[in-house]
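Engineer: Following this message is one structure expressed as structure tokens.
The values are calculated or read from the model by the stated rules, or taken from the named source; none is laboratory data. Just so it is clear, the structure is predicted and the values come from calculations on it, not from any experiment. Counting neighbours? That spans all protein chains shown, and the Cβs are built from the backbone with ideal geometry, glycine included. Heads up: the accessible areas ignore ligands, DNA and RNA and are worked out on the full protein's heavy atoms, side chains in. Shrake-Rupley method; radii C 1.70, N 1.55, O 1.52, S 1.80 Å.
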Amino acid sequence: MPAKKTALQTHALAVVKELKKLYPEHVIPLHHGNAWQLLCAVILSAQCTDARVNTITPHLFKKYPTVHHLAAADIKEVENIIHSAGFYHSKALSLIESSKRICEVFGGEVPQNMDDLLSLRGVARKTANVMLGDYFKKPAGIVVDTHVKRLAFRLGFTKQTDPVKVEKDLTKIIPYEYWGWIAIALILHGRQVCNARKPECSRCSMSGLCPKNGVKTSA
């Protein structure tokens, strides 16, 4: 006999069902052709918009078409290509060093488990969750970025502010089959409706489900 759902789990499932109506498809906004390209794009996306990353990666992958090419790249040339992504010194080093490790330790293939992904320079838990959940379709957790953290609090899913603790709370109440999709849905809703400064509660289909924690202004 299945365990009885808690009130919070029931609430979360209702939100999930509504989000599924709004964002049924699992579409990764970062353009990529394989796992390594997505990894590079996610590394570049730190403190940078997806749109900006998508203007940079075509040039990056034309110059360095494989992980082996980027592993052998000159860091100054990489910095020049990715300059507009911000933090380009650190990001260029991460791209090259992670590519080197993929070639030297993982046979040229992006690893498919959390521990190995976290051993790559520039890869923290958020990036690893993107790779495991969005690309490899075997999530080990839930991606938590600023949008996910904000909406999780507003929706009453968590009272935490630390992303790792937010993720832990979300995995307790979101059914596993939705782990890979839920972050994309929350990110899209956070961008389009429930934005940080002025959430548009009046046109939000989840308004009746949402306690609106921390919301001071509604449109």
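Engineer: Just to be sure before I move on: is GLU77 within 16 Å of HIS32 (Cβ to Cβ), open to solvent by 20 Å² or more (accessible area, probe 1.4 Å) and not small (Gly, Ala, Ser) in the structure I sent?
Structural biologist: It is false that GLU77 is within 16 Å of HIS32 (Cβ to Cβ), open to solvent by 20 Å² or more (accessible area, probe 1.4 Å) and not small (Gly, Ala, Ser).
Engineer: Next question. Within the range 1-49, how many residues are acidic (Asp, Glu) and touching a residue at least 24 places away in the same chain (Cβ under 8 Å)?
Structural biologist: 1
Engineer: Being within 17 Å of VAL148 (Cα to Cα), open to solvent by 30 Å² or more (accessible area, probe 1.4 Å) and out of contact with any His (no Cβ under 8 Å at 6 or more places or on another chain) narrows it down to one of LEU13, LEU22, so name that one.
Structural biologist: Result: LEU13 is the single residue among LEU13, LEU22 that is within 17 Å of VAL148 (Cα to Cα), open to solvent by 30 Å² or more (accessible area, probe 1.4 Å) and out of contact with any His (no Cβ under 8 Å at 6 or more places or on another chain).
Engineer: Also, I was wondering about something else. If TYR178 satisfies all but one of (1) outside any helix (DSSP H, G or I); (2) closer than 26 Å to VAL27 by Cβ; (3) hydroxyl-bearing (Ser, Thr, Tyr), what's the number of the condition it fails?
Structural biologist: Of the numbered conditions (1) outside any helix (DSSP H, G or I); (2) closer than 26 Å to VAL27 by Cβ; (3) hydroxyl-bearing (Ser, Thr, Tyr), the odd one out for TYR178 is (1).
Engineer: Shifting gears a bit: So, in the range 34-60, exactly how many residues are open to solvent by 60 Å² or more (accessible area, probe 1.4 Å) and not aliphatic (A, V, I, L, M)?
Structural biologist: Result for the range 34-60: 6.
Engineer: Still on this model: Inspect all residues belonging to the range 140-156 and state whether any of them is modelled with pLDDT of 95 or more, surrounded by fewer than 20 Cβ atoms within 10 Å (Cβ to Cβ) and of a type in the set (Asp, Glu).
Structural biologist: No: zero hits.
Engineer: Tally up the residues in the range 170-219 that are under 21 Å from the mean Cα position of the chain (by Cα), farther than 18 Å from THR146 by Cβ and either in contact (Cβ under 8 Å) with a residue 40 or more places away in the chain or open to solvent by 50 Å² or more (accessible area, probe 1.4 Å) (or both), please.
Structural biologist: Number of matching residues: 10.
Engineer: Still on this structure, I have one more. Being in contact with a Lys or Arg (Cβ under 8 Å, 6 or more places away or on another chain) and within 22 Å of VAL130 (Cβ to Cβ) is the filter here, so list the residues in the range 182-205 that pass it.
Structural biologist: Of everything in the range 182-205, those that are in contact with a Lys or Arg (Cβ under 8 Å, 6 or more places away or on another chain) and within 22 Å of VAL130 (Cβ to Cβ) turn out to be ALA185, GLY190, CYS194, ALA196.
Engineer: All but one of (1) touching a residue at least 24 places away in the same chain (Cβ under 8 Å); (2) touching a His at 6+ places or on another chain (Cβ under 8 Å); (3) of a type outside the set (Val, Ile, Thr) hold for MET114, so report the exception by its number.
Structural biologist: The number of the failed condition is (2).
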